[in-house]
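Note sheet for the following structure.
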Amino acid sequence: MKYNTIQKTGFKISEVSFGCMSLKSDAIDNNTIIHNAIEGGINLFDTADLYEKGQNEILLGKALKDRRNNVFISTKVGNRWKEDGSGWEWCPRKEYILKAIDESLKRLQTDYIDMYLLHGGTMEDPIDETVEAFERLVDMGKIRSYGLSSIRPNVIREYSNRSNIAAVMTQYSYLDRRPEEETLDLLHHNNVGVLARGSMASGLLIDKPAKDYLDLKASEVENIVNVLKQHLPEDKTIQDTVMKYVTGHQAVTTAVAGIRTIPQLEDALQASNVTGLSASDIEQLRSLWKGNHYNEHR
């Protein structure tokens, strides 16, 4: 396993990390999967208070209880469940963030969170107030760093310029190359780590039938994948290639793989252990199609 450093924190993060959203609280093998991931070299586990109404944090906390000092935990805040449980509402206010952290710490059975991410964000948010909440949590020792989980370039740019965010989680894959257009170079320039989710494009790049994706029609997705398969670098599988395409960008710290089963974990570890793509490999892959663009800048 290769490790990359988040510059503002010094955290050395595994090139492939574990996205816990797909784990379900009633599954009997969660601990085994998480422990096997640690043995395989994965050291960052990402969750959110939103996932399964906090149960995802609880299952992760149980699994990591005796291994806490060997791993990094990132969780997210900003989506508040309604009292009747019918859904959630966006709430980036300072008062809520300062309250929500204590609930997450309790569920995760830990005294601190390594990376606390705002789970979304809009240009209408009280950004200075939100940043103040995160900075206060750092001063209190409840979090070691903070960041943002967003696909919106204007929001990412605003937080990058107006705060001390250490990392941004954003969607990035061979089928979603929008971050190449506006955000990856900016974040790299500002020494902000990138946690890239969705590197397999919900399986469309691997084994799922083609369907409409972002601004791409199903036929376009099918064509892109077929052309990609015809131009795989030597000794690379399709999964190796799409994973290494993402981690091959200089801005990307880690590819956050959504993992639910042992075979999925084994595939992710296999892809992480192969040699990375060369610069010429990446340029060739980029030349196979022009990439997509943001339809709106929010």
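The values are calculated or read from the model by the stated rules, or taken from the named source; none is laboratory data. Here the structure is a predicted model, which means the values were calculated and not measured. Quick reminder, even Gly has a Cβ in these numbers, built from the backbone with ideal geometry, and neighbours come from all protein chains shown. For accessibility, only protein heavy atoms count, side chains too; no ligands or nucleic acids. Shrake-Rupley method; radii C 1.70, N 1.55, O 1.52, S 1.80 Å.
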Is there a residue in region 249-271 that is touching a Phe, Trp or Tyr at 6+ places or on another chain (Cβ under 6 Å), farther than 26 Å from ASN30 by Cβ and either of a type in the set (A, V, I, L, M) or open to solvent by less than 40 Å² (accessible area, probe 1.4 Å) (or both)? no
Pairs returned, first residue in region 126-144 that is touching a residue at least 60 places away in the same chain (Cβ under 8 Å), second residue that is open to solvent by 40 Å² or more (accessible area, probe 1.4 Å), beta-carbon separation under 8 angstrom, 6 or more apart or interchain, are ARG144/THR9; ARG144/TYR112; ARG144/VAL138
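Results for (1) out of contact with any Pro (no Cβ under 7 Å at 6 or more places or on another chain); (2) closer than 26 Å to GLY193 by Cα; (3) buried (at least 20 other Cβ atoms within 10 Å of the Cβ), shown as yes or no for each residue.
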position: ARG67; (1), (2), (3): yes, yes, no
position: SER74; (1), (2), (3): yes, yes, yes
position: TRP81; (1), (2), (3): yes, no, no
position: SER86; (1), (2), (3): yes, no, no
position: TRP90; (1), (2), (3): yes, yes, no
position: GLU95; (1), (2), (3): yes, no, no
position: LEU98; (1), (2), (3): yes, yes, no
position: ASP111; (1), (2), (3): yes, yes, no
Scan region 28-53 and report the pairs whose first residue is hydroxyl-bearing (Ser, Thr, Tyr) and modelled with pLDDT of 95 or more and whose second residue is open to solvent by 10 Å² or more (accessible area, probe 1.4 Å) and in a loop (DSSP other than H, G, I, E, B), with Cβ atoms within less than 8 Å and a gap of 6+ or a chain change. THR47/MET21
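Per-residue answers, yes or no, for (1) assigned to a strand (DSSP E or B); (2) open to solvent by 20 Å² or more (accessible area, probe 1.4 Å); (3) free of Cβ contacts under 8 Å to residues at least 40 places away in the same chain; (4) over 24 Å from GLN270 (Cβ atoms):
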{"position": "GLU158", "(1), (2), (3), (4)": "no, yes, yes, yes"}
{"position": "THR170", "(1), (2), (3), (4)": "yes, no, yes, yes"}
{"position": "ASP185", "(1), (2), (3), (4)": "no, yes, no, yes"}
{"position": "SER199", "(1), (2), (3), (4)": "no, no, no, no"}
{"position": "GLN239", "(1), (2), (3), (4)": "no, yes, yes, no"}
Subset of region 201-219 that is more than 13 Å from ARG177 (Cβ to Cβ) and of a type in the set (Asp, Glu) - its residue that is most open to solvent (accessible area, probe 1.4 Å): ASP207
